[in-house]
Amino acid sequence: MQSAPWVTNYLTEHFADDAFRTLDGYRARGGYEAARGALGRAPAELVELVKNAGLQGRGGAGFGTGLKWSFMPADAGKPKYLVCNADESEPGSFKDRLLMERGPHQLLEGLLIGAFAIGAEKTFVYIRGEYAEAARVLQGAIDEAYAAGILGASALGSGFRHDVVLQRGAGAYICGEETGLLESLEGKKGQPRKKPPFPAQYGAFGMPTTVNNVETFCHVPHILRRGAEWFRSIGTEKSPGTTLFGVSGHVVRPGLYELPLGTPLSEIVFDHAGGVRSGKRVKGVIPGGMSMPILPADQLDVRMANEFLRERKTMLGTGGIMVMDEDTCMVRAGCIITYFFRDESCGQCTQCREGTGWLHKIFQRIERGEGREDDLAVLEDVAAKMEGQTICAFADAAAWPVQGLLRHFRSDFELHLRERKCPFAHSFEL
Amino acid sequence: MVDALSAETRAKIDAEIAKYPKRRGALLPALHLAQAEEGWLPPAKVRALAEIFEIHPIEIQEVISFYNMFYDRPQGRHHVHVCTNLPCSLRGARGLLRALERHLGVRAGETTPDGRVTLGHEECLGACAYAPMLRVDDRYCEALDADAAKEIVDRLE
């Protein structure tokens, strides 16, 4: 099981306490009271509340949660579904695992409120196959909730029917893309769908569906309990609330930190995570999971919210912060990044299937000292032709980190080309 | 044909099917259940599943081949996977994988001759702060050095 975070706030306040994982422990700390209140209100009111709170999706894209909920047809005349995206697979991200392992009922309460708000009779939680422990904990909580009448024919005695079905994935990054997830949920290869139609019109099993990330749902009971204004008082004006930053790489204290959005990256890396181990300096930091472009050491003053990160041509993504020390070879880092995307491309779109392969091939030959003079231009050209050209954002996610490395660490590449070998003798092993 | 799956597995699959608006929604859960019997999905099980789901076996085969965690050939009794994505590699995962390759005498992707361990490397497993790490079957073993990893592997039966 994962350790509790180093810094806690409202989401993770009780995560060091094992009792919080049980229904009794959760209830003893006020659990399910927010849902009880919500089930007595008009669904449209709840959508409005979440909209007013300004909650943004925590799965990577940062789309407004209330707005997403409002896309669901009010009277569809057919079943509607809620889907929880628990396919956390973005390299550098491990927050949703903690949220499920340490606070399964907090998630279930968020799901119940969300389902009632959009009128869904059933919620599917799609969890990545490797998260066996989280799936076990969550299924245990689901069973407890059924036995206590929190789920089932009349959730919390409200007359609202709510079922939760947990499905385990089987190892495919692309199933974190919401329509790839829906395909997988339906028992198929997880190849993303063309949009439109969007899931709110044609989602799981062809029915109107809303898909939100695990952390997103976990914020919801707190918004219900304490109000939109309270939520907006945390974080920045445009990006309210806290989030779970996952810090990894060459830091003294890797781990999770629940902090307000807008916290400066330097504060997270140096004050909270203790800076780079062995007294070394930072070379670069990936701020939001591996798909997000890297920042060089002189840009760590940036505040961790999309409105500020966009100015630096990167994004918050899933809040996975990877810190690399001064010895790091950025071409090697790029070899690993491009291998991942080549390996995980679903193969539907030519630009992505072929492009990810070429990116990896070129990174590898540069690292081996066999790079060609025009390789950097070819990398830029391939990345530009992948961006915005495909069914889903995977190709963009493969192109962005390459563009980031070339933008800020071009001299690493040029050194490899000039010296015909990797000049970083003390870099991490490939 | 359906005998390729035990009555118990068959009953669990039926219970999964009941949760979904369309039968096929339960295919991934069914594949997990069927695979749990022998650690892989031999053709006879695939044919049995095809009958249950009323689809052609090739449609199941293409699902199996799309996902990393479904196996269409026999595996070792235990899976030992080293996460080699960037956060783990920054903290020595590649060296750890090589140490296990030497220790077990197999390369990543291979099974020890006694059928005990299939060694592999995997993409990000969501344990980035506790690197390097192994997934041993359904268990995560985190923040390891080579010696600790070898000890874990040696304890597997």
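The values are calculated or read from the model by the stated rules, or taken from the named source; none is laboratory data. Everything numeric here is computed off the predicted structure, so don't read it as measured data. So basically every Cβ, Gly included, is an ideal-geometry build from the backbone, and we count neighbours across all protein chains shown.
Would you point out the residue of the stretch A:332-359, among those that are in contact (Cβ under 8 Å) with a residue 60 or more places away in the chain and more than 19 Å from A:Ala384 (Cα to Cα), that is surrounded by the most Cβ atoms within 10 Å (Cβ to Cβ)?
Looking at residues that are in contact (Cβ under 8 Å) with a residue 60 or more places away in the chain and more than 19 Å from A:Ala384 (Cα to Cα), I get A:Ala333.
Restricted to the stretch A:49-88, and to residues that are assigned to a loop (DSSP other than H, G, I, E, B) and among the charged types (D, E, K, R), which residue is nearest to the other protein chains (Cβ to nearest Cβ)?
Out of the qualifying residues, it is A:Glu88.
Identify all residues within the stretch A:361-394 that are buried (at least 18 other Cβ atoms within 10 Å of the Cβ), more than 29 Å from the chain's Cα centre (by Cα) and among the hydrophobic types (A, V, I, L, M, F, W, C); write none if there are none.
A:Ile366
Does the stretch A:317-337 contain at least one residue that is closer than 30 Å to A:Thr263 by Cβ, of a type in the set (Ser, Thr, Tyr) and either assigned to a helix (DSSP H, G or I) or out of contact with any His (no Cβ under 6 Å at 6 or more places or on another chain) (or both)?
Yes, that holds for at least one residue.
Restricting the search to the stretch A:128-165, which residues are over 27 Å from the mean Cα position of the chain (by Cα) and of a type in the set (Gly, Ala, Ser)?
Once the filter is applied, which keeps residues that are over 27 Å from the mean Cα position of the chain (by Cα) and of a type in the set (Gly, Ala, Ser), the stretch A:128-165 yields A:Ala147, A:Ala148, A:Gly149, A:Gly152, A:Ala153, A:Ser154, A:Ala155, A:Gly157, A:Ser158, A:Gly159.
Limited to the stretch B:16-45, what total is found for residues that are among the basic types (Lys, Arg) and in contact (Cβ under 8 Å) with a residue 12 or more places away in the chain?
Adding up the residues that qualify gives 3.
Right, B:Glu101: closer than 17 Å to A:Ser184 by Cα and either in contact (Cβ under 8 Å) with a residue 40 or more places away in the chain or among the charged types (D, E, K, R) (or both) or not?
no
Answer yes or no as to whether A:Gly180 is surrounded by fewer than 24 Cβ atoms within 10 Å (Cβ to Cβ), under 20 Å from the mean Cα position of the chain (by Cα), within 12 Å of another protein chain (Cβ to nearest Cβ) and modelled with pLDDT of 95 or more.
Answer is no for this residue.
Go through the stretch A:384-395 and report how many residues are without any contact (Cβ under 8 Å) to a residue 40 or more places away in the chain and touching a Gly at 6+ places or on another chain (Cβ under 8 Å).
2
Could you give every pair whose Cβ atoms fall below 6 Å, whose first residue belongs to the stretch A:17-28 and is surrounded by fewer than 14 Cβ atoms within 10 Å (Cβ to Cβ), and whose second residue is not basic (Lys, Arg), counting only separations of at least 6 or pairs across chains?
Hits for this filter: A:Ala19/A:Gly25.
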